[in-house]
């Protein structure tokens, strides 16, 4: 009972502190992720011991929790990207989320082999470290639906794409480590699995989101039904999309992101160039039910309500998963100090990420300042943790070396990128908006 009371007290105080001190935190080289991670380390087995056991021994449970956090975040990111699908701005996140991610995997795989790792371990570790994080990148994300600032859009879209894009490399790493993986029997089978994984995910996500929005719109505007509980609709759509993609052997992370993008595209198609906030600016608090039935405002209200709900859930996911990661760090800090593990994290942040970004952005209509910011802000977090614990759950001790390297990358990224994000972004925005001609460089 005393330990239970301490946990309630700790969680309550931490949540209230972050909420009340949000202004000072934003003005300091500090982020909520840094606070949650530090508290997790302190309460973990290595310090206070409020968490007595090594959570990594329950790798499958940790993977499910991290997976849930990623699903919410990917859906939320997708709904923030309010740009027409044929807009050239999409080239930037596609370059980062696919090309830069593949280059990162190749470079980290080569480095792993050079460090003496087995091929399967080296490839899986490379896949785990390659994705940037959609959960921790709040400072880098688009500020609202319709925000088309190229750096924010590129980094947001990258975080939405590359968690799913890393999956085929992770599966191949599992197969090379001796784990039976469907679709890995031959090169043609792998190619077919890859093609369906991506195409099927895009199709499933887009189809389910479009069907959901149109059904809700029809029920609300024609019959006055299905009004309210937009949060239920959001969670239901996420869950159905993710579950359907898993059952059909498509890349489920890609499907959830595609669902978010498709839902927002339906709103954009209905509302037009006018921002949803402008379409809803005359709606008073007591008028939301009537606005939900109005064909002119129903799409905007549904999309904005779902976006706001998932953003709040995403913050709770960040809080929970970072505390959990901190507890795992507390239990494994000795392994994390091994120079092999540290070297993977340092090479990733200071060598591989910049090289991958600059190579993938060759020929893109982005200036040197924008490319440099993208190269630096490759945040690692929940995605890397998910792949690390998922690998443990699937392959056991064979992939044990992945965990300390992934934890090192997360800690270094959360501290380094978190403490510099405010300064470098502020400096970029001040210079960028003093030079209007630079904004024309968006690709």
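Read the figures in this text as sums done on the coordinates, not as results from a lab. Please read these numbers as outputs of a predicted model, since none were measured by experiment. Every residue, glycine as well, gets a Cβ built from its backbone with ideal geometry; the counts of neighbours run over all protein chains shown.
Can you put 327, 212 in order, fewest other beta carbons within 10 Å first?
212, 327
Counting other C-beta atoms within 10 Å, which of 193, 413, 320 has the fewest, and how do the rest follow?
320, 193, 413
If you count, for each residue, the other Cβ atoms within 10 Å and average over each peptide, how do 156-169, 348-361, 56-69 line up from highest to lowest?
My ranking of the peptides, most packed first, is 156-169, 348-361, 56-69.
Length gain on complete extension for the stretch residue 21 to residue 335, per 0.36 nm per residue less the alpha carbon to alpha carbon distance?
Separation in residues times 0.36 nm, less the Cα-Cα distance, equals 109.6 nm.
Which of rounded, prolate or oblate describes the chain when judged by the alpha-carbon gyration tensor and an a/c cut-off of 1.5?
rounded
Beta carbons within 10 angstrom, averaged per residue: use that to sort the peptides 180-190, 302-312, highest first.
302-312, 180-190
If neighbour count is taken as other Cβ atoms inside 10 Å, put 427, 334 in order from fewest to most.
334, 427
Is the shape of the stretch 319-441 rounded, prolate or oblate, going by the alpha carbon gyration tensor and its root eigenvalues a ≥ b ≥ c, with a/c under 1.5 for rounded and a/b larger than b/c for prolate?
prolate
Once every DSSP H run of n ≥ 4 in the chain is given -39500 (n - 2.57) and the sum is divided by its residues, what mean residue ellipticity at 222 nm do you get, rounded to the nearest 500 deg cm²/dmol?
-23000 deg cm²/dmol
Label the stretch 5-142 by shape, choosing from rounded, prolate and oblate, from the square roots a ≥ b ≥ c of the eigenvalues of the Cα gyration tensor; if a/c is under 1.5 it is rounded, and otherwise prolate applies when a/b is larger than b/c, oblate when it is not.
Oblate, since a/c reaches 1.5 and b/c is not below a/b.
Going 7 Å from the Cα of residue 199 in the Cα-to-Cβ direction, what parts of the stretch 78-106 have a backbone nitrogen less than 20 Å from that spot?
Zone members listed by number: 98-99.
Which order do the peptides 88-98, 385-395, 260-270 come out in when sorted by mean C-beta neighbours inside 10 angstrom, highest first?
Result, highest mean first: 385-395, 260-270, 88-98.
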